């Protein structure tokens, strides 16, 4: 890559394995949206709904699919996967000052019973309790609590405000009230996991809670004790998974959805937004259980119709 500020289109094409149509020496110094792009910008088109927006676009170059019928207005990078090309460019254009360096902030509190690997970033006000293992290349941002019995594998990124290894929700009812069940298990987080801001993941009651390699979690997600979440799963914001549910690989979960406890979900399942999973799933596919919003009077009619269907 060039050492000066910005890159040639040829350099970006090589980085994204894309085909150039236009001037390979075109100078690109920023990545922009279609609406905000100007001279020196590269933008991307991944949704046909935004094709018309190009008529007012001032970008120097655009990332498009191989099938896109280009004109002579722009320079193009034609890619098999424009969105992946965009992801690669986002890393290239990320300012060097934003890259976390290996560093442990002076306000961090780390138990002597825990171990920290190499090239680790631990931000302000982070607390790491006993019996934790933080492997090489992990980033733990500000105000996180790694409570106890947590292992975090290499190159995992944890955003601010997360609570990992907290007590699971375990109580035995009695005539005098609830008796707390102590949580004696661990939380194991795999490699290359990304955990969004203000997520909570409980350690296990006896066995372990497991988040496998490559999982990505959005903000404000709760995963209860003894859940097993398979590798390369992706969960959008404000979802919850109840205790002891076992989920396979490549699970996708839309925002504001939930999964009840003690279920088994196979590989390659996708859950639509606002969906509640109440039974185990043993066939891959897309599952959804929501009704689009309606006016109150229309909803009342629909609910009557649904009740009649069950008779």
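The values are calculated or read from the model by the stated rules, or taken from the named source; none is laboratory data. Everything numeric in this text was worked out from a predicted model, so none of it was measured. In this analysis, Cβ positions are derived from the backbone assuming ideal geometry, glycine residues included, and neighbour counts consider all displayed protein chains.
Per-structure values
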item	result
Count of segment 20-59 residues which are part of a loop (DSSP other than H, G, I, E, B), under 25 Å from the mean Cα position of the chain (by Cα) and surrounded by fewer than 17 Cβ atoms within 10 Å (Cβ to Cβ)	3
Number of the exception - residue 107 against (1) assigned by TED's automatic domain parsing to the domain that holds residue 17; (2) assigned to a loop (DSSP other than H, G, I, E, B); (3) under 30 Å from residue 154 (Cβ atoms); (4) at pLDDT 95 or above	(1)
Among (1) at pLDDT 95 or above; (2) in a loop (DSSP other than H, G, I, E, B); (3) touching a strand residue (DSSP E or B) at 6+ places or on another chain (Cβ under 7 Å), the one test that residue 270 misses	(2)
Filter pass, residue 205 being modelled with pLDDT of 95 or more, in the same structural domain as residue 182 (by TED's automatic domain parsing) and within 20 Å of residue 286 (Cβ to Cβ)	no
Odd one out for residue 91, checked against (1) under 23 Å from the mean Cα position of the chain (by Cα); (2) buried (at least 20 other Cβ atoms within 10 Å of the Cβ); (3) without any contact (Cβ under 8 Å) to a residue 40 or more places away in the chain	(2)
Filter result (surrounded by 10 or more Cβ atoms within 10 Å (Cβ to Cβ) and either touching a residue at least 40 places away in the same chain (Cβ under 8 Å) or in a loop (DSSP other than H, G, I, E, B) (or both)) within segment 288-311	288, 289, 290, 291, 294
